[in-house]
Structure formats: C-alpha cells, structure tokens
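Notes follow the structure.
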Amino acid sequence: MTLTLEHVVKKYKDFTAVNDLNFSIGKGEIFGLIGQNGAGKTTTFRMILDLQEQTSGNITWDGAPIKKINRDLLGYLPEERGIFPQMKVEEQLVFFGELRGMDRKELKSELDFWIKRFDIEEKRYDKAETLSKGNQQKVQLIASFIHKPKFLILDEPFSGLDPVNRDLLKNAILLLKERGTTILFSSHQMDNVEELCDHLCLLKRGVSLFSGSLLELKKQYGKTKLTIRTD
Ligand code: ATP
C-alpha cells in the first residue's frame, strides 16, 4: 500500500498545526516523521487514519481515500496507549487478533512468535496491570500489529523504552519490513532513524523542514552522522 499526502493543512481555529505537508510512502518502506513535541506528528497520523479531518489538501491510499480501504490492512499504535489492566497478556492479544478476524491457528503462531521476540514469555499469563510500563508498552506494540497489517503506524514507539527494549523494537520493525509491512513511525529524536528509515520528514511547528531519503538529508546538511535538531 502506498500513502500520499498533498498540500495537507490542519487548522484549529486560527492556529495552524500542520501547514502544507507533502510526502509519499512507498510499499515496504520505513518512513520516519521526526519532530519535537507539538510539531504536528500525532495530528498528521490522525488525519491519515481519518480520525480527524484535514482543513485542506489530499490524503490517499493507493490513490483512493481511506474510506475505500479495508481497515484491517492498517495497524496503529496511538500516542495515548490503551491497555485492559485486568486482562492477562495473552488474553488481550487474542482479543485484539480476534477483533481483526484472525483465525485461531495463525493468531496462536503470531502470538507465540512475538511474545518470545519481545521477551515477555514469563508475563504471558499475568494481568497487564502488574507489568512494568515498558512491558505494557511491548504488549500494546504487539497488539498494534498482531493481525499482520500491510501498513503500520506507530506514534512515538520508542518513548518510554530502555535501551535493551529499544533494540528489541528496532529489530522487530526491521523484521516487519522484511515481511513486507510498510511502516510509518514518529519520534522526537534522531536516534534509531539512521538504522531504520528509508525516508523521513523533519517537522517543526507543523512545517516540513525536509522530506526525502537519508542520503539526501546527509547531502543537504553535509554531515556523515545525523545530529540535526528540530527544536
Ligand atoms: P506531541 O508528541 O507533543 O504530541 P506532536 O508532534 O504529536 O507532539 P500534535 O499533538 O500533533 O504534536 O500537536 C500539534 C499542535 O497542535 C500542538 O501545538 C497542539 O497543542 C495543537 N493541537 C493538537 N490538537 C489540538 C486540538 N484538538 N485543539 C487545538 N490545538 C491542538
């Protein structure tokens, strides 16, 4: 699935949160939307997913508006994380998988795979509320892609994770890409970007400072190591 944004603007009354945003994400790419707090990342995701309407501009999926797209092809980790505190880890992942219509056999095999991969096997039958914040976040991450979406949107997936878990997530993202998933994620820092992104967009107060490949970014900024700040 390809996603295209053309001249997208979002205004809240007189305040412009996103101003003339243009980018395109090709099939199988990892795309980073990078910017400080308030840059407009969450607003952009919400418009892409039709959770709120843009003031002007076009957002299309394979050339069509999202209303024509089967939502089960999409996965989303929102910034406001949601978890059922009283449900056990496995129970809630099964719930999310079944909600997306997965068959039991496939769901079980995905569940086994990701629980192991994210190193939470010991927590499998524990209630979510008893897990550390980092482990809860891993459950939420798995829930966002357990149904094997074609296009996955992750809002600040690295925030709140320690370095070991950030590495686990980085590897998971690369594995999802290998499986053919297109991934759009946001981050307020450049960490991980170099290893992960094919393309990226740097946002500052709703305005795109740069959009393109890492190579183009490095050429533009004349650096071999990315230390660009968007604040
Ligand atoms: P953060 O990580 O802090 O959420 P962000 O890049 O995701 O940053 P957004 O949440 O998209 O930023 O917010 C962009 C700007 O739009 C901010 O200045 C925010 O205060 C403003 N904003 C977001 N939602 C609303 C709203 N419903 N009404 C008015 N202003 C809003």
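The values are calculated or read from the model by the stated rules, or taken from the named source; none is laboratory data. Computed from a predicted structure; not experimentally measured. A quick note on method: Cβ atoms are made from the backbone with ideal geometry, for glycine too, and the neighbour counts reach across all protein chains shown. With ligands, DNA and RNA removed, areas are computed over all heavy atoms of the protein, side chains included. Shrake-Rupley method; radii C 1.70, N 1.55, O 1.52, S 1.80 Å.
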Problem set entry | Label-point separation, Glu98 to Asp191 (7 Å along Cα→Cβ), nm | 3.8
Exercise. Using only the Cα atoms of segment 4-51, what do you get for the radius of gyration and for Dmax, in Å?
Worked result: 11.3, 37
For this session: Could you work out the longest stretch of the chain that avoids the trypsin sites (Lys or Arg not before Pro) located in DSSP loops with at most 11 other Cβ atoms within 10 Å?
Result: 14-178
Problem set entry | Charge dipole (debye, nearest 20) of segment 85-184; +1 at Cβ of Lys and Arg, -1 at Cβ of Asp and Glu | 240
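Filter the GluC sites (Glu not before Pro) in segment 1-86 down to the DSSP loop ones having no more than 10 other Cβ atoms within 10 Å, then list what survives.
Details: sites: Glu6, Glu29, Glu53, Glu79, Glu80; in loops: Glu29, Glu53, Glu79, Glu80.
The qualifying sites are Glu53, Glu80.
Which of the three applies to segment 1-101, rounded, prolate or oblate, going by the alpha-carbon gyration tensor with a ≥ b ≥ c and a/c under 1.5 meaning rounded?
Details: a/c = 2.18, a/b = 1.53, b/c = 1.43.
Judged from the Cα gyration tensor, segment 1-101 comes out prolate (a/c at least 1.5, a/b above b/c).
Using a probe radius of 1.4 Å on heavy atoms only, what accessible surface per residue do you get for the chain? Whole Å² is fine.
Numbers: 11550 Å² over 231 residues.
That works out to 50 Å² for each residue.
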For this session: For segment 159-205, state the semi-axes of the equivalent ellipsoid (square roots of 5 times the eigenvalues of the alpha-carbon gyration tensor), sorted largest first and rounded to whole angstrom.
Result: 18, 16, 8
Problem set entry | Reachable lysines, given that their alpha-carbon falls under 26 Å from the alpha-carbon of Lys123 and they are not under 8 places away in the same chain | Lys88, Lys105, Lys108, Lys133, Lys138, Lys148, Lys170
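Starting from the Kirkwood Rh over alpha-carbon pairs, what translational D in µm² s⁻¹ does segment 79-231 have by Stokes-Einstein at 4 °C and 1.567 mPa s? Spell out each step's value before the answer.
Numbers: Rh = 16.8 Å.
For these conditions, the coefficient is 77 µm²/s.
Taking all protein chains as present, what is the carbon and sulfur share of the accessible area of segment 1-138, in % to the nearest whole number, probe 1.4 Å?
Details: 3620 of 7520 Å².
Heavy-atom surface of segment 1-138 belonging to carbon and sulfur, 1.4 Å probe: 48 percent.
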Exercise. From the backbone phi of segment 108-118, what are the Karplus-calculated ³J(HN,Hα) couplings (6.51 cos²θ - 1.76 cosθ + 1.60, θ = phi - 60°) in whole Hz, Gly and Pro given as x?
Worked result: 4, 6, 5, 4, 4, 4, 6, 4, 5, 4, 8
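Would you list Tyr221, Tyr12, Tyr125 from the most to the least accessible area, probe 1.4 Å?
Numbers: Tyr221 80, Tyr12 100, Tyr125 145 Å².
Descending accessible area places them as Tyr125, Tyr12, Tyr221.
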